[in-house]
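Computed from the coordinates by the stated procedures, all read-outs in this text should not be read as laboratory data. Fair warning: this is a prediction, and the values are worked out from it, not measured in the lab. Note that we place each Cβ from the backbone using ideal geometry, even for glycine, and neighbour counts take in every protein chain shown.
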Amino acid sequence: MRRTGRTIVTVMAVACLFVLVAGMASAKTIETDVVVVGAGGSGLAAALTAAQGGARVVVLEKMPSAGGTTSFSEGIFAAESSLEREKNVVITKDQMFTTIMEYSHWRANARLVRNVVDTSPETIEWLKEQGVEFKELLPNYPGGLPAWHIINGRGKAMVAALEKNAKEKGVVFLYNTSGKKLITDQKGSVRGIIAESKEGGTLEIRSKAVIIATGGFANNKEMVKEYSGFGDELVIVGNINKVGEGIKMAWEVGAAAEGADVLQLYRPGVPGESTTSHLNAAGRQPYLWVNQDGERFCDEALALQWPWAGNALANQRGRIMYCIFDENTKKYLMEKGIDLGVGVMVPVTTKLVNIDQDLARGVEKGYAFIGKSIEDLAKKIEVNPKNLQATIDEYNASCATYRDKLFAKDPKYLQTVKESRFYAIKLFPATLGTLGGIKINYKTEAVNKDNQSIPGLYATGNCAGGMYGDSYDLKIPGGTLGFAVNSGRIAGKNVLKYIGK
Ligand SMILES: Cc1cc2nc3c(=O)[nH]c(=O)nc-3n(C[C@H](O)[C@H](O)[C@H](O)COP(=O)(O)OP(=O)(O)OC[C@H]3O[C@@H](n4cnc5c(N)ncnc54)[C@H](O)[C@@H]3O)c2cc1C
């Protein structure tokens, strides 16, 4: 059989991996140039970039396979990309930079933002070279910047391409292996990491540099409570086993904290329901939302600018809201479809044909309620019936005059609540992850409280602060995946310079 060069490289990399792991069982010490901790979008981009520049790279991944939250993502931002040119879309780097900085009130790290934005078009080309395909450009919401480069096969396909190419470049992946503690020398430079492998016990990996790309701490309840104040009410979407080990390791060796309080607040959601559930999709429509006092608390069209919807809900008693609608609206959702899409997974106009069965499931679990009258519904959701009636009367008056005097909602979302039966879906704040932790500079080097870099330590993606002010920025679609992959590539390039490659 004739082997291609690529096949030979793959076979050699797999053979090396076996030799390495077999060696580990006895010596449990490995030497390499660079350790990347975490094999999501940022870690894979960093590892492959470093390997393409000639570095020996070991990737530690806590889970049995690569991907992390990146697998769930849909698209990535870029300004002045080739796809934008092809589609006649003009989004300049300056425009994107200014949008991010103004949104954050210039609390974001301007040099870091500039570097990430400027790297973004070449990252799209680099991803294409790795076999990642893009099919369309979308905004996050009607009228938004169409800078969201939608990945064919979503983040999962990008992960597969980067992982495959990294293996072909000789990157060694150790799965089921968690990075636990950084090794430093007498001068405080990072020289490796102690890791725990499910199969191989404790490993000591000596390296010239370590890149932390462990994706934040969304699954660490204590840290989430401490930094953002959210408790059990917060619905965690698309994050598994993210307990902040990478961030804590970096803090332990003197890295400063930045952005640990920023959550990627998502559309309010129903616990345990999938993104594509028709119960979630109905609850996220911009009709009538009330808090536990039976009062409206925001312009419901914030469902479009969902980090703001999360912020508004965070201020309500118990952080609980109900989306209320009547039989007419339910029919509308089934026959005409939803007015607001849920990402690209549940597009606008999707007909909620499963709504009855999903509502029945919701009733069983205590997240959906059906009333014969407003009073009946109010009793079921334990909201003062008079308050709810007054809110609905005022809301119906707004629908009749086509003007929302309270919150100036776009009148096209004003749907009356009149026809029995009446429905309520109970929703909670939700998050797609945490967006900070380790303070870095524009080279993605971890820095201490005096902004001095810690030699040999880098941080990328959801572990690193500096891209946001106090809230996730939806004005830039594909912003967090964009930060993950671009910061990963920036780290990969800078680490090469640091280790003299
Ligand atoms: C449903 C959903 C859809 C999304 N869609 C988009 C989108 O379209 N566009 C966008 O911009 N953003 C999107 N996001 C957010 C985006 O996916 C993330 O911000 C981004 O993928 C983060 O990448 P990362 O590499 O930092 O983290 P991850 O992809 O989570 O990777 C971190 C990896 O580190 C591993 N790890 C953790 N701790 C350790 C340890 N101690 N040792 C070793 N390994 C460890 C984890 O297991 C994981 O594999 C979405 C998020 C969700 C949940």
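Some points to look at:
- Rounded to two decimals, the Cα radius of gyration of region 331-416 over 2.2 N^0.38 Å is 1.26.
- Straight-line reach from K372: taking Cα to Cα under 12 Å and skipping same-chain neighbours fewer than 8 places apart, the aspartates and glutamates in range are D326, E327, E419.
- Two-decimal log10 I(q)/I(0) for the chain, as the Debye equation yields it once each C-alpha is a single scatterer, q = 0.05, 0.12, 0.13 Å⁻¹: -0.21, -1.03, -1.16
- From helices alone, the chain scores -11000 deg cm²/dmol at 222 nm; the rule is -39500 (n - 2.57) for each run of n ≥ 4 DSSP H residues, then divide by the residue total.
- With a cut-off of 11 Å on the backbone N, the residues of region 39-75 near the modelled label site 7 Å out from V344 along Cα-Cβ are 73-75.
- Cα-derived Rg over Rh, computed across region 156-210 with Rh taken as Kirkwood radius: 1.07
- With contacts taken as Cα pairs under 8 Å at a separation of at least 6 residues, the chain carries a relative contact order of 24 percent.
- In whole angstrom, region 264-431 maps to an equivalent ellipsoid with semi-axes of 20, 18, 17, each derived as √(5λ) from the alpha carbon gyration tensor and ordered largest first.
- Normalised by the number of residues in region 295-386, the average gap of Cα pairs under 8 Å and 6 or more apart makes the relative contact order 13 percent.
- Relative contact order, whole percent, for region 264-431 stands at 34, derived from Cα pairs under 8 Å and 6 or more residues apart.
- Two-decimal Rg to Rh for region 33-161 - Kirkwood Rh, Cα set: 0.99
- Sum of side-chain charges, M345 neighbourhood, beta-carbon under 14 Å (Lys, Arg +1; Asp, Glu -1): +2
- Estimated inter-spin distance, E222 and K365, nm [label 7 Å along Cα→Cβ]: 2.9
- From largest to smallest, the equivalent ellipsoid semi-axes obtained for region 47-111 from the alpha-carbon gyration tensor read 30, 18, 15 Å.
- Loop GluC sites (Glu not before Pro), region 165-214 (other Cβ atoms within 10 Å of the site Cβ: 13 or fewer; DSSP): E199
- Dipole of region 264-431, positive end: most advanced residue of P286, N384, S373 [Cβ charges, Cα centre]: P286
- Inverse mean reciprocal Cα-Cα distance (Kirkwood Rh) of region 190-273, Å: 14.9
- Here region 269-393 is assigned +1 on the Cβ of each Lys and Arg and -1 on the Cβ of each Asp and Glu. Its dipole about the Cα centre then comes out at about 180 debye.
- The Rg/Rh ratio of region 345-491, with both radii computed over alpha carbons and Rh defined as the Kirkwood radius, is 1.17.
- Cβ-derived FRET efficiency at R0 25 Å, K501 paired with K198, nearest 0.05: 0.20
- K380 paired with A408, simple spin-label distance in nm, labels 7 Å along Cα-to-beta-carbon: 3.6
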